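The values are calculated or read from the model by the stated rules, or taken from the named source; none is laboratory data. Just so we're clear, the structure is a prediction, and the values are computed from it rather than from any experiment. So basically every Cβ, Gly included, is an ideal-geometry build from the backbone, and we count neighbours across all protein chains shown. Please note that ligands, DNA and RNA were not included when accessible areas were found on the heavy atoms of the full protein model with its side chains. Shrake-Rupley method; radii C 1.70, N 1.55, O 1.52, S 1.80 Å.
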Amino acid sequence: MSAITREAVEACLRQFTDPHLDQDPVSAGCLREVDIQGARVTVRLELGYAAGLFKNGWAQMLQMALENLDGVDSAQVKVDCVIDSHQGQAQVPALAGVKNVIAVASGKGGVGKSTTAANLALALAREGARVGILDADIYGPSQGIMFGIAEGTRPQVRDQKWFVPLEAHGVQVMSMAFLTDDNTPMVWRGPMVSGALLQLITQTAWNDLDYLVVDMPPGTGDIQLTLAQKVPVAGSVIVTTPQDLALLDAKKGVEMFRKVHIPVLGVVENMAVHICSNCGHAEHLFGEGGGEKLAAQYGVELLASLPLSMAIRMQADDGKPTTIADPESQIAMIYQDLARKVGARIAQAGKPAMPSIEISED
């Protein structure tokens with residue numbers, strides 16, 4: 001039996017692609033340590049994104065591959081998730097208690113942006129991250145309903161300055177709706193709205209978040225630009241439907257974030273296809289392939305394509321979005337994959353690949 005070498009271990013790991021980083025763990029810089037003691041190999045990988053539901057299966061796959069190598073009697077693969085801070089634009093002050101801000105935006109309303117934001121936040125939490133969500137859609141706040149927070153619930157105030165976010169389903173939640181009457185429409189002009197939202201973001205006592213998901217107002221006007229320029233956004237997600245009008249507005253969203261130098265992590269296409277609950281017939285009610293075309297046009301990734309499903313709507317209305325209402329469903333798995341991809345893209349955009357630590361061999 002020949003002795004195992006560092007080169008053989010790395011060559012083995014290079015044969016496997018992390019589906020969220022789209023790279024093998026060595027090329028992605030995830031290899032942190034290799035320890036070779038005779039015929040026993042220990043490998044430690046470090047993922048820069050939340051992957052609690054993925055990492056054990058990933059470790060087991062790599063372990064089995066290493067144990068099939070000539071010269072290896074046993075192998076152990078440890079996978080850690082270490083989420084670093086990527087505060088976006090250097091000139092924007094860091095947000096206290098928050099490592100990464102994710103803006104979920106759309107060019108127009110009615111495309112499922114808020115539902116996507118809620119399920120993204122919950123999916124990140126299920127992966128083991130500490131997550132908050134800010135409902136910045138001041139004219140039509142809906143996150144309180146989606147998270148099952150009773151109308152009239154108010155946040156506590158700390159030191160007469162800080163709002164303490166409410167918590168639901170393991171996610172810290174803050175919304176202008178918690179400070180106003182649901183029956184009173186907001187009639188503020190743009191500058192007042194922008195100021196109120198910035199105050200809400202910066203004066204909320206976020207508690208050690210890995211990710212803060214911001215449900216942005218629809219559109220690409222002054223409010224959206226102000227938020228994008230004043231908040232250290234690590235990356236943005238554009239939500240659209242395949243409909244031509246929605247895609248036209250989604251393009252404006254992509255251009256807006258590029259104008260303020262915020263990475264567009266990718267596109268989420270909602271209502272891509274409708275499956276009849278009676279006969280199973282598939283029909284593209286709002287067009288076909290629009291999200292993929294948009295992503296290709298701007299050189300970004302189609303992160304997820306979700307069906308037009310009554311379950312998504314009903315579960316959100318009931319205060320338990322799909323990710324937690326039916327966590328083993330196919331739709332929930334799409335949201336989980338979306339969450340891991342978003343985290344992975346932030347990690348990739350924020351820093352170069354990590355160098356591996358020197359390998360020790362006996």
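Structural remarks
- Selection status of L62, surrounded by 16 or more Cβ atoms within 10 Å (Cβ to Cβ) and out of contact with any Asp or Glu (no Cβ under 9 Å at 6 or more places or on another chain): yes
- Filtering region 5-23 to residues that are open to solvent by less than 20 Å² (accessible area, probe 1.4 Å) and not β-branched (V, I, T) leaves C12, L13, D18, H20, L21.
- Hey, V157 open to solvent by less than 50 Å² (accessible area, probe 1.4 Å), of a type in the set (V, I, T) and either out of contact with any Asp or Glu (no Cβ under 9 Å at 6 or more places or on another chain) or at pLDDT 90 or above (or both) or not: no
- From the list A311, A296, the one residue that fits, being surrounded by fewer than 18 Cβ atoms within 10 Å (Cβ to Cβ), small (G, A, S), at pLDDT below 90 and closer than 28 Å to M146 by Cα, is A311.
- Unmet criterion (only one of (1) among the acidic types (D, E); (2) out of contact with any Ser or Thr (no Cβ under 9 Å at 6 or more places or on another chain); (3) open to solvent by 30 Å² or more (accessible area, probe 1.4 Å)) for D35: (2)
- Residue count, region 109-127 (criterion: among the basic types (K, R) and surrounded by 24 or more Cβ atoms within 10 Å (Cβ to Cβ)): 1
- Filtered by the rule that a residue be over 12 Å from the mean Cα position of the chain (by Cα), surrounded by 21 or more Cβ atoms within 10 Å (Cβ to Cβ) and over 9 Å from V173 (Cβ atoms), region 131-140 gives A136, D137.
- Complete set of residues in region 185-206 that are open to solvent by less than 50 Å² (accessible area, probe 1.4 Å), modelled with pLDDT of 80 or more and among the β-branched types (V, I, T): I201, T204
- Consider region 325-351 and keep the residues that are in contact with a strand residue (DSSP E or B) (Cβ under 9 Å, 6 or more places away or on another chain) and among the β-branched types (V, I, T). The one that is farthest from K99 (Cα to Cα) is I334.
- Residue satisfying all of: in region 207-265; part of a loop (DSSP other than H, G, I, E, B) and more than 22 Å from M176 (Cα to Cα); most open to solvent (accessible area, probe 1.4 Å) among these: H261
- Here S85, S2 are screened, and the one residue that is touching a Lys or Arg at 6+ places or on another chain (Cβ under 9 Å), modelled with pLDDT under 95, open to solvent by 40 Å² or more (accessible area, probe 1.4 Å) and hydroxyl-bearing (S, T, Y) is S85.
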